[in-house]
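Structure record follows, encoded as structure tokens.
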There are 2 protein chains.
Amino acid sequence: MEFTELNTQMIARLEAIVGRSFLFLDNETRNDYGHDETEDYVFPPAVVLKPGTPEEISSILKFASENHIPVTPIGGRTGLSGGALSIHGGIGLSMDRFNNIIHIDENNLQVITEPGVITHNLREAVAEKGLFYPPDPSSLGSCFIGGNVAENAGGARALKYGVTKDYVLNLEVVLPTGEIIWTGANTLKNSTGYNLTQLMVGSEGTLCIVTKIVMKLLPANTHNVLMLVPFYDEAEACEAVAKIFNAGITPSALEFMERDAIDWTLKFVDGVNLDIKPEIKAHLLIEVDGNFPDVLFAEAEKIATVVEQFRIDEILFADSEEQKNALWKLRRAVGEAVKSNSVYKEEDTVVPRYELPTLLKGIKAIGKKYGFSSVCYGHAGDGNLHVNIVKGDMTDEAWKSEVPKGIREIFELTVSLKGTLSGEHGIGYVQKNYMDIAFGPAQLRLMKAIKEAFDPSGIMNPGKVLPDWVNG
Amino acid sequence: MEFTELNTQMIARLEAIVGRSFLFLDNETRNDYGHDETEDYVFPPAVVLKPGTPEEISSILKFASENHIPVTPIGGRTGLSGGALSIHGGIGLSMDRFNNIIHIDENNLQVITEPGVITHNLREAVAEKGLFYPPDPSSLGSCFIGGNVAENAGGARALKYGVTKDYVLNLEVVLPTGEIIWTGANTLKNSTGYNLTQLMVGSEGTLCIVTKIVMKLLPANTHNVLMLVPFYDEAEACEAVAKIFNAGITPSALEFMERDAIDWTLKFVDGVNLDIKPEIKAHLLIEVDGNFPDVLFAEAEKIATVVEQFRIDEILFADSEEQKNALWKLRRAVGEAVKSNSVYKEEDTVVPRYELPTLLKGIKAIGKKYGFSSVCYGHAGDGNLHVNIVKGDMTDEAWKSEVPKGIREIFELTVSLKGTLSGEHGIGYVQKNYMDIAFGPAQLRLMKAIKEAFDPSGIMNPGKVLPDWVNG
């Protein structure tokens with residue numbers, strides 16, 4: 001697709017919309033807003049804009065639509081699929097200034113927020129009112145809630161509490177036409193026309209710009225129990241996952257970490273110490289939460305009974321807030337730790353959780369076939385396994401030629417197990433050309449038609465989600 | 001929109017697809033499949049087809065698309081918005097033969113089912129395996145799970161467990177082109193392209209025919225406590241609803257019934273006796289569920305403390321399974337009881353739950369203004385209030401001229417309270433011309449474009465959901 005290059009006149013027009021202080025042409029800013037956390041990609045936009053109101057965004061999109069200028073929405077730049085990369089240059093639309101929590105509605109257990117609020121800050125603000133916003137992606141300290149909506153982010157609590165989509169009730173969005181609309185209503189249930197709200201969630205900035213988000217909240221829980229279970233066999237750790245649910249327990253977190261993941265992370269983070277026997281191959285980090293400590297202890301005991309059927313070492317029960325925080329710090333840092341260690345590619349495979357052992361074994365076998373190693377970890381409770389393929393001492397040539405074949409085989413395995421390409425990171429730039437594994441021509445045609453219905457000029461985050469041969 | 005009338009040749013072609021025993025031209029069958037539970041409407045299709053496989057449906061839809069013949073999908077015919085009415089004649093596509101539960105997957109807590117399974121039967125079948133499918137529309141004894149998907153049905157447990165959409169993971173659907181596709185994957189989380197699955201849920205048979213449904217399940221709860229609270233003031237009963245949640249309790253059911261609703265229902269159902277003081281104006285039926293009886297008793301006590309802040313009579317705690325069943329029988333029969341009493345129109349208003357008292361007072365005032373009375377009841381815990389407008393001794397003329405004005409005002413009030421037209425019944429035939437109250441031209445244009453992307457010949461359940469001036 002051909003786009004118009006921004007000229008001086010156009011820049012002047014954009015400056016008139018957002019004001020001189022919120023338009024950036026310098027290389028430093030452009031580079032800064034030209035990357036997220038996806039591998040080592042940098043695609044700077046020609047101009048970075050930081051609008052402050054939906055009306056300014058409306059003017060920008062209208063202008064961009066009329067002049068065929070690509071617009072890439074940019075949030076906290078923590079994405080792992082390259083959704084925020086301005087791969088066609090044009091306008092990088094930063095949502096930095098949409099950073100207000102508009103209203104915490106304690107009467108209805110809802111929050112209305114702007115999309116540029118950091119997820120952690122949103123969770124803390126509602127927690128102060130005794131409320132709970134469950135989704136907690138590992139990047140929660142720096143990601144934007146709007147980015148969470150764009151990617152349908154998950155996190156460690158999704159197995160019990162669901163993902164971002166399960167909390168979004170209504171969205172104010174700006175369409176590429178410049179129209180500002182609400183997609184639904186602020187209600188817990190809604191059977192009124194097609195579900196435009198859920199169509200926006202996970203659409204990765206390719207259909208519209210979200211400017212306000214209405215989310216449901218839960219009453220906060222008062223207690224939790226956290227346990228770390230060391231397994232002598234990584235496939236057995238995966239097997240234990242489904243068994244815990246089968247025992248009638250729904251943990252609030254159930255995280256899987258391969259041995260390498262823990263070892264690298266222990267070296268990477270400060271102040272967390274664990275004494276792990278050399279024979280331990282994987283860990284499960286398991287949390288139950290609720291309001292009644294006795295119930296949680298009973299549940300934790302039941303979980304212990306389940307995991308003791310496998311070859312495990314002694315279970316560590318976190319006995320203080322400090323220890324809980326240390327274990328979570330460890331878990332959340334795995335991604336960064338693995339990445340700091342080598343050039344890498346991260347895949348976000350997801351399967352029905354009983355298929356996890358098969359998936360893990362398959363990934364290792366595919367790695368062996370193509371000559372790469374991988375570090376696996378993730379949200380095992382919902383079948384979501386992050387696969388970090390590390391370059392290590394692979395040659396550049398093998399890295400370029402063999403790894404994509406291996407990734408394709410991993411995704412084919414995932415889909416054959418009734419799973420799919422991405423559980424929570426999105427497709428974005430780096431996975432788009434694998435979409436044919438998950439979908440046939442009919443689904444891709446429908447997705448393209450939806451894209452065209454919302455964005456007839458094709459300016460919204462072009463070159464993302466749909467494969468190149470579909471996007472044209 | 002102009003459609004082709006079926007001729008003898010076409011009928012022969014359809015007979016070749018489904019077989020002689022599954023094509024019906026007789027008046028009795030056509031009338032039987034020409035109505036649901038919406039007022040007294042009957043719109044018989046020209047022919048009733050009962051296909052047995054997705055492939056047969058594929059052939060039917062391809063034929064209908066090519067020949068411009070309307071196709072109305074027909075489930076359990078319990079709908080309340082007229083979605084199953086063949087208002088343009090043509091093919092009435094009964095899903096009666098898709099009545100198999102394909103697989104209850106205990107390892108992944110999922111079920112794969114055909115859409116023609118009765119919701120109650122599905123719930124019982126999974127319960128036998130210790131699993132729980134929460135959505136329980138009042139018509140659960142006769143509605144189809146496929147109809148629940150089409151309307152995004154709710155029920156009494158939605159406030160804690162969500163609605164149908166929260167359980168649908170993946171759908172096999174037949175497109176009007178004849179293509180048979182899966183919309184997603186059998187996973188608990190999914191960030192892989194636009195959410196076609198959620199776009200199908202609640203689309204009321206206007207985009208495709210669902211032929212297989214993959215749903216998530218929960219481990220079954222072992223215990224519940226049910227209490228009936230009589231209020232001296234109906235608005236106070238509504239006020240109490242939000243207060244219960246604010247106390248940190250999420251009940252598994254929280255149902256509101258006006259005095260008239262209970263009185264009429266007590267006359268209508270057998271074997272349920274309640275001694276209610278004349279001054280009582282409304283009841284809340286409140287349930288908590290879980291696995292630990294002590295916790296439930298503590299929660300029930302906390303609820304009692306909350307409701308005792310209002311003017312209430314003695315709380316009835318159901319002390320046996322029989323009494324619980326009797327109270328639920330009473331609640332589920334309200335709709336039928338009210339309808340058996342008079343000509344009626346039912347609206348399915350939904351608002352954020354704290355707005356319920358304002359909504360209820362507004363509905364009564366609007367009724368007074370236009371000269372109609374209403375019986376209100378419903379799922380107060382999620383802000384979903386069913387409004388039964390009863391004709392009583394209103395003249396036919398006033399019924400025809402005044403009631404639509406009143407309904408429009410009720411919906412305007414609902415939307416002004418950040419609510420919407422339908423919480424769980426769908427828009428279908430009878431509410432479509434109120435859609436402009438909830439949505440502006442942009443949203444309606446997008447919905448129309450989505451419709452055209454899926455159904456370019458406009459044969460799928462024509463004349464539903466979108467207003468006549470949008471549908472053309």
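The values are calculated or read from the model by the stated rules, or taken from the named source; none is laboratory data. Here the structure is a predicted model, which means the values were calculated and not measured. All Cβ positions, glycine included, derive from the backbone under ideal geometry; neighbour counts span all protein chains shown. Heads up: the accessible areas ignore ligands, DNA and RNA and are worked out on the full protein's heavy atoms, side chains in. Shrake-Rupley method; radii C 1.70, N 1.55, O 1.52, S 1.80 Å.
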Item to check | Filter pass, B:Leu296 being on the phi < 0 side of the Ramachandran plot and touching a helix residue (DSSP H, G or I) at 6+ places or on another chain (Cβ under 9 Å) | outcome: no
Checklist outcome for this item: Across (1) within 24 Å of the chain's Cα centre (by Cα); (2) open to solvent by 20 Å² or more (accessible area, probe 1.4 Å); (3) of a type outside the set (Gly, Ala, Ser); (4) closer than 24 Å to A:Lys277 by Cβ, A:Lys391 clears everything bar (4)
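Assess whether B:Pro54 counts as being of a type outside the set (D, E, K, R), in contact (Cβ under 8 Å) with a residue 60 or more places away in the chain and not assigned by TED's automatic domain parsing to the domain that holds B:Asn388.
On the way: of a type outside the set (D, E, K, R): yes; in contact (Cβ under 8 Å) with a residue 60 or more places away in the chain: yes; not assigned by TED's automatic domain parsing to the domain that holds B:Asn388: yes.
Taking the combined requirement at face value, the residue satisfies it.
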Checklist entry - Is at least one residue of the stretch B:132-143 more than 14 Å from chain A (Cβ to nearest Cβ), surrounded by fewer than 21 Cβ atoms within 10 Å (Cβ to Cβ) and under 27 Å from B:Leu421 (Cβ atoms)? => result yes
Next on the checklist: Could you check the stretch A:163-189 and list, in sequence order, the residues that are in a strand (DSSP E or B) and more than 7 Å from chain B (Cβ to nearest Cβ)?
Outcome noted: A:Val168, A:Leu169, A:Asn170, A:Leu171, A:Glu172, A:Val173, A:Val174, A:Ile180, A:Trp182
Checklist entry - Could you say which residue among B:Glu424, B:Glu409 is at pLDDT 95 or above, acidic (Asp, Glu) and crowded, with 24+ Cβ neighbours inside 10 Å? => result B:Glu424
Item to check | Yes/no for B:Val295 being of a type outside the set (Phe, Trp, Tyr) and touching a residue at least 40 places away in the same chain (Cβ under 8 Å) | outcome: no
Checklist entry - Do we have any residue at all in the stretch B:400-408 that's more than 9 Å from chain A (Cβ to nearest Cβ), among the hydrophobic types (A, V, I, L, M, F, W, C) and in a loop (DSSP other than H, G, I, E, B)? => result no
Item to check | Flag for A:Pro251 being over 25 Å from the mean Cα position of the chain (by Cα) and part of a loop (DSSP other than H, G, I, E, B) | outcome: no
Checklist entry - Just a yes or no: is a residue in the stretch B:444-465 part of a helix (DSSP H, G or I), at the interface with chain A (Cβ under 9 Å from one of its Cβ atoms), over 21 Å from B:Thr183 (Cα atoms) and aliphatic (A, V, I, L, M)? => result yes
Checklist outcome for this item: Taking first residues from the stretch B:347-364 that are at the interface with chain A (Cβ under 7 Å from one of its Cβ atoms) and second residues anywhere that are basic (Lys, Arg) and open to solvent by less than 10 Å² (accessible area, probe 1.4 Å), the pairs with Cβ under 9 Å that are 6 or more apart or on different chains are B:Val350/A:Lys189
Checklist entry - Hey, any hits in the stretch B:198-217 for a residue that's buried (at least 23 other Cβ atoms within 10 Å of the Cβ), facing another protein chain (nearest Cβ under 10 Å) and free of Cβ contacts under 8 Å to residues at least 40 places away in the same chain? => result yes
Checklist entry - Going through the stretch A:395-406 one residue at a time, which ones are open to solvent by 20 Å² or more (accessible area, probe 1.4 Å) and either in contact (Cβ under 8 Å) with a residue 60 or more places away in the chain or of a type in the set (A, V, I, L, M, F, W, C) (or both)? => result A:Ala398, A:Trp399
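Filter the stretch B:411-443 down to the residues that are within 7 Å of chain A (Cβ to nearest Cβ), touching a residue at least 40 places away in the same chain (Cβ under 8 Å) and not hydroxyl-bearing (Ser, Thr, Tyr) and list them by number. Talk me through it step by step, then tell me what you get.
Within the stretch B:411-443, the first condition is being within 7 Å of chain A (Cβ to nearest Cβ), and the residues that meet it are B:418-427, B:435, B:438-440, B:442-443.
Imposing the further condition that a residue be touching a residue at least 40 places away in the same chain (Cβ under 8 Å) reduces the set to B:418-427.
Of everything in the stretch B:411-443, those that are within 7 Å of chain A (Cβ to nearest Cβ), touching a residue at least 40 places away in the same chain (Cβ under 8 Å) and not hydroxyl-bearing (Ser, Thr, Tyr) turn out to be B:Lys418, B:Gly419, B:Leu421, B:Gly423, B:Glu424, B:His425, B:Gly426, B:Ile427.
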Checklist entry - Considering B:Glu151, B:Glu172, B:Glu179, which residue is of a type in the set (Asp, Glu), open to solvent by 40 Å² or more (accessible area, probe 1.4 Å) and in contact with a Ser or Thr (Cβ under 8 Å, 6 or more places away or on another chain)? => result B:Glu179
